[in-house]
Structure formats: structure tokens, C-alpha cells
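Colleague: Before I ask anything, let me first share the structure, which is written out below as C-alpha cells.
The values are calculated or read from the model by the stated rules, or taken from the named source; none is laboratory data. No experiment lies behind these values; they were computed from the predicted model shown. Cβ atoms come from the backbone with ideal geometry, glycine included; neighbour counts cover every protein chain shown. Heavy atoms of the whole protein, side chains included, go into the accessibility calculation; ligands, DNA and RNA do not. Shrake-Rupley method; radii C 1.70, N 1.55, O 1.52, S 1.80 Å.
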Amino acid sequence: MARFMKRLLGTIAGGTAALAVAVKPRITGKPDMHEIEKYDYANRGFTDGGVCLPDTKEAFQRAVDHGYGIRTKAESPEMLQETLALINGQVPVILTLEPEAGSLYRFCEKLFPVLDEYEGVFAIESVDPRVLSFFRSQREEYIRGQIVDSAYVSGYSFREQLSDFAIRNLLLNTKTEPDFISCSIRDRKKISLLLCRLIYRIPIVDWIVRDMHEYEQVRTDDQIVVFESIEP
């Protein structure tokens, strides 16, 4: 029995050590996250209970006026440029990238001229680790975040399911080296994420908070909030 317990504990320790290595984010050459961490983020702009539509100039302007950061999807270089021109560095922006698989690298490259010229604070995030890996190789200085979503499914083949499992559990962090983890409320207590945070002190962005009880939970845990339908 003693020998069995020793082997079991050794296996657990070895597995934990391997997981700790796999979930390692960017350690050296890290960008300054201070400004990003200071803000709550209005998802798709601040609609203020339906006063205006999300992802509109009015919603973005209301977020700026209330002193909220903004989280929005980068649909195209033209729309992104228009959005960033409106925000004009007044608050930080988290840009979610969801390019089509066939045009992933071409889409990211088209964003470079817009992002390179923008003087405000921004970060990019994506559930697709290929996006982060590409930015790591092409724009190392950009702040980048890995999205964790337990509902994410890219396909149903064995290879796709294996890849999705790795993404959902941050097992590709050594390849993508994220600066923060962006997760849904339901995933904030995942073991791999907690381990990554405990060991490496990586910032966590929680989305999407829709009531003040959730808001207080996330804030008490010293995490970054992405909210909608409330006014923190």
C-alpha cells in the first residue's frame, strides 16, 4: 500500500509539473499591463440598458464618457480604424479576433497598418491559438490574450476535438505565450487557469458580467471585468 501511494503521489506530482509547464504564459519581455488592468470593460460599448445599440459610435462614445474600457470584435480593418479613431486613446481597447480559418494570416496582416499607427493602449485576444502565435512572431510587442471558452468547438473529428481540448485547457500556452487569459464566467475556476494564475500571476479577464453580484465576485477576486447590461 505504501509503495502504491508513493507511486500515485509521484504520478500526481509529475502530472501537475507537466501541466504547470504547459500553461506557462509569456515570462520574459512582457508588455506593461498596468493600464489594461485599471479599467472595467464595456462589452461592445456602453449601451446603458438599451439606450443605444452595441458596436455603434454612440455606444463607444458613451463608454469613453463614463471612463470604461471597451471590448469589441475586430470585423475588418476599415471598421477597426473607424472605431480606434473615435476612441483615440482615451480608454484602452480589447480587440477580439475571430478570422476565418482560410484567411487567418491574411486578415491579421491587414490589421497591422491600423494597429501600428494607433497610439492608444490596446490588446488583442482570440480563442484560436494560431492568431496569438502569428502575432507573437510578427508583432511581439502587442499585448495578447488567450480566450478560454468551454463551449468552444471547432469540429468533431478526433484531431479537432483533441485540439479543442488543448485550447480549452491552456495546453498551448508555451506556443502562444499570452499576457492575459480571457475567460467566461463559467470557466473562471478551471484547474488549468487557476494553476496558471497561481504560479505565473497572469491577469484574468472575466466575461460577460451581467449583474452586480457577479461583478462583486470577480472584483473581489481581483480580476478584470467585461460587463454589459449593468453600470458598475
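Colleague: Which residue out of GLU125, GLU100 is of a type outside the set (A, V, I, L, M) and at pLDDT below 95?
Modeller: Residue meeting the stated conditions: GLU100.
Colleague: How many residues, within segment 17-55, are farther than 22 Å from VAL218 by Cα, in a helix (DSSP H, G or I) and open to solvent by 70 Å² or more (accessible area, probe 1.4 Å)?
Modeller: The qualifying residues number 1.
Colleague: Tell me, please, whether a residue that is of a type in the set (Lys, Arg) and under 28 Å from ALA18 (Cα atoms) can be found in segment 98-108.
Modeller: No, every residue in segment 98-108 fails to be of a type in the set (Lys, Arg) and under 28 Å from ALA18 (Cα atoms).
Colleague: Can you work out which of the residues in segment 172-228 that are acidic (Asp, Glu) and within 19 Å of LEU19 (Cα to Cα) is most open to solvent (accessible area, probe 1.4 Å)?
Modeller: Within segment 172-228, the match that is most open to solvent (accessible area, probe 1.4 Å) is GLU177.
Colleague: When only residues in segment 141-171 that are closer than 24 Å to ILE36 by Cβ and assigned to a helix (DSSP H, G or I) count, which is least open to solvent (accessible area, probe 1.4 Å)?
Modeller: That would be ILE167.
Colleague: Okay, next question. So, THR56, is that one modelled with pLDDT of 90 or more and out of contact with any Asp or Glu (no Cβ under 9 Å at 6 or more places or on another chain) or not?
Modeller: Yes: the conditions hold for THR56.
Colleague: Taking the residues in segment 28-57 that are touching a residue at least 12 places away in the same chain (Cβ under 8 Å) and within 13 Å of ILE143 (Cα to Cα) as candidates, determine which candidate is farthest from the chain's Cα centre (by Cα).
Modeller: GLY29
Colleague: Just one of (1) of a type outside the set (S, T, N, Q); (2) modelled with pLDDT of 95 or more; (3) in contact with a strand residue (DSSP E or B) (Cβ under 9 Å, 6 or more places away or on another chain) trips up LEU80, so point out which.
Modeller: LEU80 satisfies all of (1) of a type outside the set (S, T, N, Q); (2) modelled with pLDDT of 95 or more; (3) in contact with a strand residue (DSSP E or B) (Cβ under 9 Å, 6 or more places away or on another chain) except (2).
Colleague: Looking at ARG106, ARG144, ARG130, ARG136, which one is free of Cβ contacts under 8 Å to residues at least 24 places away in the same chain and of a type in the set (Lys, Arg)?
Modeller: ARG106
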